[in-house]
Structures are given as structure tokens and as C-alpha cells.
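The values are calculated or read from the model by the stated rules, or taken from the named source; none is laboratory data. A quick note: this is a predicted structure, and the numbers were derived from the prediction, not measured. Cβ atoms come from the backbone with ideal geometry, glycine included; neighbour counts cover every protein chain shown.
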Amino acid sequence: MSLLNVKNLRTSFYTREGQTLAVDDVSFSLNKGEVLGIVGESGSGKSVACYSLLGLVPSPPGKIEGGSAIFDGKDLLKLNEKALRAYRGNRIAMIFQDPMTSLNPFMRVGDQLIEALRCHNKTLSKKAAKEKALSALEEVGINNARERIDSYPHEFSGGMRQRVMIAMALVTEPELIIADEPTTALDVTVQKQILQLLKDLQASHDLAVIFITHDLGVVADMAKHILVMKNGRVVEEGSPADIFENCSHPYTRKLIAAIPQSAKPDEFKYDSSHEDFVEAKNVVTHFNNTRGLFRQRIVSTVKAVDDISLNIREGEIFGLVGESGSGKSTFGRSLIRLVESQAGDIRIGKHRIRELGNTSLREARRDFQMIFQDPYASLNPRMTVFDTLAEPLLLHKLAKKNEVLERVNHLMDEVGLERKHIRKYPHEFSGGQRQRIAIARALAVEPRFIVADEPVSALDVTIQAQILDLLLKLAKKHQLTMLFISHDLSVVRYLCDRVAVMQHGKIVEIEETEKLFLSPQQPYTQKLLSAIPRIHTN
Amino acid sequence: MSELIQELQQYEKGRSLWQDAFRRLRKNKLAMFGMAVLSIIVVLALLTPWIAPYSYEQQDLYLGATPPSAEHWFGTDVFGRDQLTRMLYGSRISLMVGLVATSVALLIGVLWGTIAGFFGGRVDAIMMRLVDILYALPFAIFIILLTVVFGRSMLLLFLAIGAVEWLTMARIVRGQVVSLRRQEFIEAAVAMGLTRWQIMQKHLIPNVLGPIIIYTTLTIPSVILLESFLSFLGLGIQPPQSSWGSLIKAGVETMEEYPWLLIYPGILLSLTLFSLNFLGDGLRDALDPRASQD
């Protein structure tokens with residue numbers, strides 16, 4: 001007798017284009033104490049399928065069209081709102097992706113835990129609830145829980161906040177936990193800790209867990225059974241070993257192949273005899289926190305970049321890795337003076353960056369460009385693709401008015417976008433397409449050096465692979481030198497010739513990529529590398 | 001076939017944000033209705049000297065206040081002046097006050113807010129403290145002071161109202177700009193080599209147009225009413241000249257005996273207000289490429 005048995009679940013959404021089936025005939029079952037992994041890219045319906053079970057799909061536009069979900073003998077899909085509430089957070093709990101937005105920022109974490117307890121058990125006294133909350137916090141590894149129980153969510157770090165979320169899910173002693181991308185927003189070392197914690201708790205409480213993720217590596221050694229979803233359908237299911245070793249569906253194969261496992265092909269490797277193109281010496285960038293009526297008082301200083309020196313050779317793709325807050329983005333921005341540095345010397349090609357005046361800096365900018373992380377924020381929503389790409393051409397007088405259209409069309413070809421989309425606005429494109437537009441914008445001025453700040457981390461894994469290959473191809477074709485900033489080590493391994501590891505504003509280690517991955521010298525690098533979730537294949 | 005059309009469209013002349021916006025606006029019936037009503041009111045106001053049935057200073061004390069009739073469609077006021085004529089002449093004053101004072105507020109407010117929000121830090125702090133100080137200054141005293149120094153004139157009235165109304169606009173725009181400034185497309189514009197002025201003009205202001213338009217449509221009616229308050233203080237226009245605000249004020253005083261003196265100017269003002277709001281909402285949606293699909 002399984003704990004949860006979902007049969008032929010169908011959920012649809014009404015959109016302007018008409019009705020679409022977000023979940024199309026999905027069935028699965030789950031026993032007590034088992035972990036089910038649901039893997040898929042954005043829009044695959046993996047979250048909607050689970051939200052449907054708890055009636056959490058907004059309706060309208062969502063609607064459950066059919067199927068059944070028998071949980072402990074009762075069909076969840078047939079229950080009304082009031083009856084469902086007795087299950088939600090009580091017998092079935094959820095852990096969300098972003099603990100910052102799913103915890104109430106104005107409520108102490110203790111009060112949130114107590115609220116969760118008392119809303120399902122009205123007879124529980126405040127004092128008893130607090131004791132329960134305390135033990136839950138201790139169980140998820142919050143040190144001196146007795147003090148921290150009165151803290152607000154923002155006073156915790158990202159990993160600790162996710163622990164609080166887990167405590168909230170656990171505190172009501174549920175039988176089933178639905179974890180929706182619980183580690184996606186976390187750094188890789190923190191992710192490893194949280195995964196371990198989930199695994200331990202699952203075993204000690206004999207919990208059933210549905211683990212929703214886009215990352216096959218994360219569920220590989222946790223789930224007993226894995227569903228691979230695409231466009232609302234389950235395209236493949238089986239044990240991890242089945243999935244990784246003899247998957248049959250082409251999409252699963254594509255998904256596995258999209259995870260970079262190795263270095264780039266030899267033809268894309270750089271020539272180490274080239275001269276240095278970018279030189280940074282003792283760069284220091286500080287941020288001041290100011291207070292006072294006119295922000296005249298400096299209360300504290302953050303050393304985001306603390307004395308960094310490195311050289312990048314011409315034609316090289318140089319990787320800069322580190323966890324959030326390590327200062328890697330600030331360093332990239334300091335190089336091309338999107339952020340002002342306080343000390344050091346920076347040379348890019350013939351430009352001595354820190355010495356340029358305002359006007360000469362603006363002119364020099366055509367030689368170095370940037371590709372940003374979030375393709376949804378890096379394009380002006382009120383400019384068409386044509387306007388976005390024409391702007392740099394006209395600004396730097398690289399094309400006459402009557403040549404612009406042709407140049408823009410050419411850029412579209414280069415990044416693999418169809419010319420006919422030229423008059424569309426950014427919101428009409430998918431994330432991957434938008435990132436292509438952003439790449440085209442950076443290439444428009446024919447730069448020699450590009451800073452790419454996490455350009456693929458907001459993208460689905462199959463799209464990510466396409467964009468990486470596009471970057472490789474373009475870098476070779478235009479002989480670009482690139483600083484590639486990323487938190488994702490496997491991506492860096494695939495793309496970069498050399499890698500620098502950053503921590504707390506300093507460089508820990510610089511090495512040829514393969515050497516660094518095979519024999520990391522510094523303890524921090526070793527820790528970082530060992531935290532990558534791996535797919536074990538024999 | 002549609003492929004071909006799109007292919008052709010690609011080579012048509014580039015569409016700008018405003019061209020696109022007007023194309024979308026034309027499809028919005030409510031906004032077009034608003035625009036039509038406003039146009040009619042504006043045309044009537046412009047043509048007033050030629051179409052007004054009477055002179056605005058012509059009194060007929062024997063007639064006194066009479067309800068609407070064939071000679072006086074909207075009745076007459078206590079001095080026997082034709083209400084329709086006074087409303088028509090009032091439109092000229094009120095619309096001008098609304099337009100000029102709001103433009104002044106718009107110009108100063110948007111620039112001030114954009115600059116403060118974009119530069120941030122100390123520039124922002126100093127500029128916004130100044131706004132706070134002006135906020136704290138009692139409005140009436142400020143206007144009276146201006147009048148004492150510069151004497152009474154229509155131009156001064158416009159400037160005075162505009163100079164007060166821009167404060168809120170500056171705050172709204174600044175708040176929007178602060179949140180936009182951190183977006184990557186602004187950074188991308190810096191990285192491209194655009195000057196600060198170009199960034200504000202091309203990337204920031206178009207993205208705050210929504211709130212600006214909405215606040216503008218709210219400012220125009222409030223400015224029109226503000227004028228009547230100033231007239232009451234003796235700073236604005238004086239009878240026999242009229243404005244919507246002063247007509248409504250007079251109408252309120254005699255509402256129980258002569259309701260038509262309140263009803264007709266009231267309807268005219270409400271109609272203008274509704275039309276402005278419809279047009280404003282329509283413009284906001286039309287200027288956001290994400291709001292409508294086509």
C-alpha cells in the first residue's frame with residue numbers, strides 16, 4: 001500500500017494563446033520512507049504537478065482536468081479547500097526554492113514555526129509549541145537555537161535560512177515532504193550540506209520526499225526512483241542507474257549530455273605563447289556603507305576585491321570561480337570600470353583603464369564589453385531587438401544609418417537568431433534567445449575583451465550547453481579574450497583555459513583548468529571541487 | 001503567407017516606442033473616447049470668443065439667477081451672467097492652468113527625480129532633503145510670498161502651482177529610478193559607452209513613463225482645483241473672469257437655491273477628469289510593450 005498514488009493527473013492553464021496542458025497524464029506512486037525525484041527544465045510541469053496535489057495551483061488560470069491522487073486512502077483532488085488545509089503543512093509539507101521570499105521577512109522565525117504548529121493543532125500551548133520549534137531548529141543544525149529563534153529571516157545566511165525552511169516543514173511531523181528546487185539558490189558547498197541534511201532527516205524520520213529539481217546530479221544519489229518530465233509529460237522513469245546508464249528517451253540523453261563533464265575540444269584551446277592582453281595588478285575595490293543626513297559618515301567598509309593580480313593572455317578564456325560574496329563579479333566590473341576601484345593598475349590591450357578620463361573611457365569601451373547574468377534584466381524592455389543592437393553601432397559610429405539594418409541582421413545570424421524577429425521586444429523571447437541578443441549586443445562593437453558574468457546560470461541545462469558552444473565558437477572566430485565568471489565549476493571546466501579560484505576578495509589559486517580539477521592544491525579549492533554533485537556511472 | 005508578411009515587415013521603417021504606442025492606443029476604445037472628449041473641450045475653449053453666446057462681463061441684475069432656459073441653456077448666476085459663457089471662458093483659464101502648471105511640475109519633477117535617483121549617494125541625499133524642506137513649507141504662505149515679491153500675474157500663478165506640484169513627481173520618479181538603476185540593462189548601457197544623459201534619456205525615463213503618466217493625469221485635476229483656492233485667496237483670477245474651480249466654488253455656496261450653478265460646471269470637470277484617467281490608463285498600457293500583445 002503506497003502512501004501517495006497519483007494517477008493520470010492532468011492540469012491545464014488558460015493563456016492568451018489558448019488552453020495548454022501543463023501536466024499531461026502524469027502518474028507515479030510513492031511509499032513511506034521513499035524519495036522520488038522529478039527532473040525537468042523550466043516549463044516541464046514538474047512543479048505544477050506537485051502543486052496540483054495540494055490545490056496550490058492558482059485557479060483561474062489553472063484547472064485540474066482529471067486524474068486522482070490517493071494519499072492515505074483519500075483522493076486529494078476531490079477534497080475541498082477546507083479539507084485540504086488539514087493536509088497542507090501538516091501531513092504534507094513543502095520546502096521552496098528561495099527561503100528569502102518564502103519566509104515572512106517581518107516575522108521572527110520562531111513565531112513562524114509556532115504559527116505553523118498552532119494552526120494545525122489548536123490545543124497546543126504556546127510554550128509547548130516553542131519547545132517543539134526549538135527542537136526542530138536544533139535538529140536542522142541551527143547552533144544556539146535558543147538565541148536564534150527570535151531572529152528575523154534576514155539575519156540568517158542563505159544556507160541557514162534554508163535550514164529554517166526545512167525546520168518549518170519538519171515541525172509538524174509530516175509524512176510527505178515536497179521539496180521544490182530546495183538547493184538551487186545556494187552555493188555549491190552549502191548545497192552539499194543541505195542535501196546531506198535532507199538525506200539524514202529523511203532516513204531518521206522515515207519520510208517520503210518528492211524532490212523536484214532541474215539538476216540530475218542533485219537527485220542522482222538520493223532518489224530511489226526518478227521521473228524525467230518534458231512539456232508536461234513523463235518521458236522516462238526508472239532508478240537512477242537505469243536513467244544514467246541505459247536511458248532510452250532522446251530527451252533524457254540530451255539532458256545528461258548537456259551537463260559538461262570534460263574540457264572543451266582541443267581546437268578551441270588557447271595558444272599559451274600569446275602575449276598578455278589583460279593585466280591587473282593589486283586591484284582593490286571597497287564599498288563604503290554610509291549613514292547620516294547627507295550620507296557623509298562611513299560606518300563600515302566591505303573589501304569586495306582585496307589586492308588581486310592576474311593576467312589574461314590574448315585569445316584566452318579565463319575562468320573566475322567562487323561562491324556568492326567572494327567578490328568575483330565586483331572584480332570583473334572593476335576591470336572594465338563599471339565599478340570604480342580604489343587602487344591598483346589595470347591594462348586592457350592598449351588602454352590603461354584606471355587612468356582614462358570620462359570621454360576617453362567611453363570611447364575605449366568599444367574594445368571591452370560585458371555579458372550579464374540575467375537575460376531578463378539585461379535588455380531594456382522598451383526597446384526592440386533592432387534598437388538594442390543598433391544603439392552601440394550608431395553610438396560608436398561603426399555603421400552609417402543606411403548600413404545599420406544590414407549589420408544588425410548580420411549580428412542576428414552570428415548568434416543564431418532568425419532575422420525576422422528583429423522588430424520584437426525582449427519579452428517575446430525565451431531566456432536562451434534573450435541571452436543570444438545580449439551576446440549580439442556585446443559583439444556589436446567588435447570588442448577584443450569580454451567579461452561574461454555568469455552568462456548561463458539563469459538558463460536551463462540544455463539551453464546552457466547551446467549558449468556555451470555559441471560562446472566558444474564566437475570567441476574563436478573573433479579572437480576574443482574573455483573573463484568568464486561563474487559559480488558552476490563544471491561549466492568553467494568545459495569552457496576555460498585557466499581558472500582562478502576566489503574567496504573573500506582574494507585569489508586562492510590560479511592554475512591551468514585540467515590541472516586544477518585533477519590536483520587542486522589549496523584546501524578551499526579541494527572543498528569546492530568535492531562539493532559538485534556528481535552522477536556516478538560505472 | 002504570414003512568414004512573408006513578417007519578412008516584409010523586417011524591412012519596413014523602424015518602429016519607435018511612441019509609434020508602437022499610438023498604434024496600440026488606437027485599439028483602446030476607452031482611451032480613444034477620453035481623447036475625443038478632451039479634444040472637444042479643448043476646441044470649444046479655443047473657439048470661445050467666437051462661439052460664446054454672451055459676453056462674460058455682461059450682467060443683468062434684474063434677471064438674477066434663472067434656471068436653464070432657451071436663452072440661457074445652463075441658466076444664469078446671481079448677477080444674471082450667462083452660465084454657459086462663464087463655463088466656456090472658465091475652460092480657457094482652467095485648461096491653461098492645468099496644462100502649463102502640470103508641464104512645469106512634470107519637467108522639474110522628472111528631471112530632479114531622475115538625476116537624484118541615478119546618481120544616488122550624496123547627490124541623492126542632498127536633492128531629496130531639499131524636496132523635504134519644500135514639502136514642509138506651508139503652500140499658502142509660499143504663494144503669498146511669491147505674489148508679494150513679484151506682484152499678481154497669471155504666469156506667476158502657473159509657476160507657483162507647478163513649483164509646488166513637482167515635489168511629489170520628483171519623489172515618485174526617484175523611487176522608480178533607484179530600483180531601475182540596479183538593473184543590468186542600465187549597467188549594459190554604461191558598458192556600451194553611453195553618456196549619463198543618454199542613459200537617463202533613452203533607458204531610464206522611457207521605463208518610468210507608466211507612473212509618470214498616471215501621476216500626471218491625477219495632477220491636472222488637482223491643479224485645476226488648486227487654482228480656485230488661490231483665486232479665493234485673491235491670488236488667482238478675479239470675477240468677472242471665471243474658471244471651473246471658481247464656478248464650482250460659487251456653485252457650492254448657492255447649491256440649495258440654484259443647483260444648476262453647481263451641476264453644470266461639476267459635470268464638465270468630472271467629464272474632463274474621467275477622460276484624462278481613461279487616456280492616462282490607455283497611454284500607460286500602450287507604452288508598455290509587455291502589456292498588450294499583437
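The residues on offer are A:165, A:94, A:100, A:107, and the sole one that is at pLDDT 85 or above and out of contact with any strand residue (DSSP E or B) (no Cβ under 7 Å at 6 or more places or on another chain) is A:107.
Here is a yes/no grid of residues against (1) surrounded by 23 or more Cβ atoms within 10 Å (Cβ to Cβ); (2) within 14 Å of chain B (Cβ to nearest Cβ); (3) more than 22 Å from the chain's Cα centre (by Cα):
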{"site": "A:454", "(1), (2), (3)": "no, yes, no"}
{"site": "A:468", "(1), (2), (3)": "no, no, no"}
{"site": "A:473", "(1), (2), (3)": "no, no, yes"}
{"site": "A:477", "(1), (2), (3)": "no, no, yes"}
{"site": "A:480", "(1), (2), (3)": "yes, no, yes"}
{"site": "A:485", "(1), (2), (3)": "yes, yes, no"}
{"site": "A:501", "(1), (2), (3)": "yes, no, no"}
{"site": "A:521", "(1), (2), (3)": "no, no, yes"}
{"site": "A:528", "(1), (2), (3)": "yes, no, no"}
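Within the bounds of the stretch A:36-59, is there any residue that is at pLDDT 85 or above, aromatic (Phe, Trp, Tyr) and assigned to a strand (DSSP E or B)? No, the stretch A:36-59 has no match at all.
Does residue A:463 qualify as being closer than 17 Å to residue A:258 by Cα, at pLDDT 90 or above and under 19 Å from the mean Cα position of the chain (by Cα)? The answer is no for residue A:463. Among the conditions (1) part of a helix (DSSP H, G or I); (2) within 22 Å of the chain's Cα centre (by Cα), residue B:263 misses just one, which is (2). Here residue A:299 meets each of (1) surrounded by fewer than 24 Cβ atoms within 10 Å (Cβ to Cβ); (2) within 13 Å of chain B (Cβ to nearest Cβ) with one exception, condition (2).
Residue B:237: surrounded by 20 or more Cβ atoms within 10 Å (Cβ to Cβ) and under 26 Å from residue B:75 (Cα atoms), yes or no? Yes: the conditions hold for residue B:237.
Looking across the stretch A:346-362, the residues that are of a type outside the set (Gly, Ala, Ser) and either within 14 Å of chain B (Cβ to nearest Cβ) or loosely packed, with under 15 Cβ neighbours inside 10 Å (or both) come down to A:348, A:350, A:351, A:352, A:353, A:355, A:356, A:358, A:359, A:361, A:362. Among all positions in the stretch B:118-140, there is at least one residue which is surrounded by 15 or more Cβ atoms within 10 Å (Cβ to Cβ), over 23 Å from residue B:178 (Cα atoms) and in contact (Cβ under 8 Å) with a residue 12 or more places away in the chain. Filtered by the rule that a residue be of a type outside the set (A, V, I, L, M, F, W, C) and under 16 Å from residue A:411 (Cβ atoms), the stretch A:432-468 gives A:433, A:434, A:435, A:436, A:441, A:446, A:447. Filtering the stretch B:169-196 to residues that are within 30 Å of residue B:223 (Cα to Cα) and of a type in the set (A, V, I, L, M, F, W, C) leaves B:169, B:170, B:172, B:173, B:177, B:178, B:180. Every test in (1) small (Gly, Ala, Ser); (2) more than 21 Å from residue A:226 (Cα to Cα); (3) buried (at least 20 other Cβ atoms within 10 Å of the Cβ) is passed by residue A:44 save one, and that test is (2).
Of the residues B:104, B:148, the single one that is loosely packed, with under 12 Cβ neighbours inside 10 Å and β-branched (Val, Ile, Thr) is B:148. Screening residue B:155 with (1) at pLDDT 90 or above; (2) more than 10 Å from chain A (Cβ to nearest Cβ); (3) more than 20 Å from residue A:333 (Cβ to Cβ) gives one miss only, at (1). Identify all residues within the stretch A:255-293 that are in a helix (DSSP H, G or I) and either over 27 Å from the mean Cα position of the chain (by Cα) or loosely packed, with under 14 Cβ neighbours inside 10 Å (or both); write none if there are none. Of everything in the stretch A:255-293, those that are in a helix (DSSP H, G or I) and either over 27 Å from the mean Cα position of the chain (by Cα) or loosely packed, with under 14 Cβ neighbours inside 10 Å (or both) turn out to be A:257, A:266, A:267.
When the stretch A:368-406 is limited to residues that are assigned to a helix (DSSP H, G or I) and surrounded by fewer than 17 Cβ atoms within 10 Å (Cβ to Cβ), the one that is farthest from the other protein chains (Cβ to nearest Cβ) turns out to be A:403.
Only a single criterion out of (1) at the interface with chain B (Cβ under 7 Å from one of its Cβ atoms); (2) of a type outside the set (Phe, Trp, Tyr); (3) surrounded by fewer than 24 Cβ atoms within 10 Å (Cβ to Cβ) is not satisfied by residue A:365, namely (3). For the stretch A:21-35, a residue qualifies if it is buried (at least 19 other Cβ atoms within 10 Å of the Cβ) and in a strand (DSSP E or B), and the qualifying residues are A:22, A:23, A:24, A:26, A:28, A:30, A:35.
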